[in-house]
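A short worksheet on the structure shown next.
Each value in this text was obtained by applying a stated rule to the coordinates, not by laboratory testing. Just so you know, these numbers come straight off a predicted model, no measurement behind them. Glycine also receives a Cβ, built like all others from the backbone with ideal geometry; neighbour counts cover every protein chain displayed.
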Amino acid sequence: MMAEVIALPKKEQSPFSFGKEEKKLITDPLSDNNPITVQILGVCSALAVTTLITKAIIMGIAVTLVTAFSNLITSSLRNYIPKSIRMIVQLVIIAFLVTVVELLLKALNYPIWKDLSVFIGLIITNCIVMGRLEAYAMANKPWKSFLDGIGNGLGYAIILVIVAFFRELLGKGSLMGFKIIGPSADYVLNTTDLSWLSWYTANNLFVLSPAAMFIIALVIWIQRSRIPKLVDIS
Amino acid sequence: MCSFLAVSKSVKTALGLGIAVIFVNGLTIPMNWLIDHYLLGEGGLFGMDLTFLRFIIFISTIAALVQLVEMVVEKFSPSLYNSLGIFLPLITVNCAILGASLFMITKEYNFTQSVSFGLGGGFGWALAIVAIAGIREKMAYSQVPPALRGLGMAFFLTGLMGIAFMGLMGIDPAAFK
């Protein structure tokens, strides 16, 4: 009898409350605790899919979905997973969700699926998903884990889009597939009037993966100059 | 790639992770070869073509081995276990390992080739992470802007190293069209 009284929380709280703490779970990964620039998770795919903005956006959405729902499922199951086989269980959950996302994309937008199917498969090996499962979902309640997944997915998507913007603009002279700068016949704008747009020669370095490293490094530089507490002295 | 950047602060931890990766890579690739040829293939144990299960089966093999490595490291070297943190379980999602398993299938290696491919791939990865850790340790003597210290510089160095290694392969004319 006594134990029951103690176990009850003082204030009745809805499991889906959305207060200050929950809001922080979403906004923190956008800058202060960004998965790529601060936690160093998900760098590989940031190199692979950032040559075009469209790819980056779709990859960002797909990863957000997978992270959110795998966090939700793992967190609901966390008390039933034995520690010795937890990685296999986590990976089965991730692989299942990735398959769902891939089939969804195939059904909704076939041409883009054809372009991206290899990279969607690679979400399985994206460290963000498993990193958040290990670091957050295994120790927290389902609703909070779900929000944490959304926040981290969005934080990842933001960096992806920033990197892809520069890589596509400087490497191919286009944005979202439309030619903007550089000598080319298929301009969006009429070049005979706007010849100052055609001086640019596309820089092939930006199509190669090291360019993504340099751009992420610059993002980190700017971010850490603005938020001094992130600077590590080591 | 993520563990490559996160764990390369000191040569010692980098070496620990490098050895773990050599071990996992060297064992999973021959194991996946055996599984692929004797269980999943058409002439395999189940008598049907199960190759569509490759992804899940391969990643499970890797996860099982990494789990094993984690237990061993936790038991015998708690200090290394603590300094690696979540990046030890994240060996599972190291693209190099799953990628090598899939590569081994597409290149149709035989068993001995897959053994040496696994060991060689792991060894190359370990070499790269130890090299970058060495460079990062030396960076302590140079004047880097405070905001760029640590992680930012690691990204720059990895990019430069990537360009250097690309030079080893020679310049592919197709990339410049």
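Evaluating 6.51 cos²θ - 1.76 cosθ + 1.60 at θ = phi - 60° for every residue in the stretch A:98-105, the Karplus couplings come out as 5, 4, 4, 4, 5, 5, 4, 5 Hz, glycine and proline recorded as x.
Expressed in nm², what is the orientationally averaged projection area of the convex hull enclosing the Cα positions of the stretch B:51-177? Its Cα hull, projected and averaged over all orientations, spans 11.8 nm². Between amide H atoms placed 1.01 Å from N, distances below 5 Å from residue A:179 occur with A:188, all of them 5 or more places distant or on a separate chain.
For residue A:173, the amide hydrogen comes within under 5 Å of no other amide hydrogen, counting only partners 5 or more places away or on other chains and with H modelled in the peptide plane. Let me check I've understood the local charge: for residue A:49, count other residues with C-beta under 12 angstrom from its C-beta, Lys and Arg +1, Asp and Glu -1. What total comes out? Here the charged neighbours net out to 0. Highest mobility in the GNM of chain B, judged by mean-square fluctuation with C-alpha springs under 10 Å and restricted to B:133, B:147, B:20, is found for B:147. The residues neighbouring residue B:140, those whose beta-carbon lies less than 11 Å from its own, together hold a net charge of +3 under the Lys/Arg +1, Asp/Glu -1 convention.
Packing-based ranking of A:158-164, A:98-104 yields A:158-164, A:98-104, ordered from highest to lowest mean Cβ neighbour count within 10 Å. The simple spin-label model puts a point 7 Å past each Cα toward its Cβ; for residue A:225 and residue A:114 those points are separated by 4.5 nm.
With neighbours defined as other Cβ atoms within 10 Å of a residue's Cβ, the residues A:128, B:57 order from fewest to most as B:57, A:128.
A Gaussian network model of chain B, with springs between Cα atoms under 10 Å, assigns the largest mean-square fluctuation among B:121, B:16, B:99 to B:99.
Gyration tensor analysis over the Cα atoms of the protein assembly as shown returns equivalent ellipsoid semi-axes of 34, 29, 25 Å (largest first, whole Å). With labels modelled as points extended 7 Å from the Cα through the Cβ direction, what inter-label distance (nm, one decimal) is found for residue B:102 paired with residue A:106? Simple spin-label model gives 1.5 nm for this pair. Within chain B, the whole DSSP H helices whose Cα atoms reach 20 Å or more along their own axis and whose mean Kyte-Doolittle score is at least -1.0 are B:11-35, B:54-76, B:111-138, B:151-169.
Placing a label point 7 Å from the Cα of residue B:112 along the Cα-to-Cβ line, the residues of the stretch B:1-30 whose backbone N sits under 20 Å from it are B:26-30. If R0 equals 45 Å, the separation of the Cβ atoms of residue B:82 and residue A:205 corresponds to a calculated FRET efficiency of about 0.70.
Across the stretch A:134-143, computed HN-Hα scalar couplings (Karplus, 6.51 cos²θ - 1.76 cosθ + 1.60, θ = phi - 60°) run 5, 7, 10, 5, 5, 10, 10, 6, x, 4 Hz from first to last residue, x flagging Gly and Pro.
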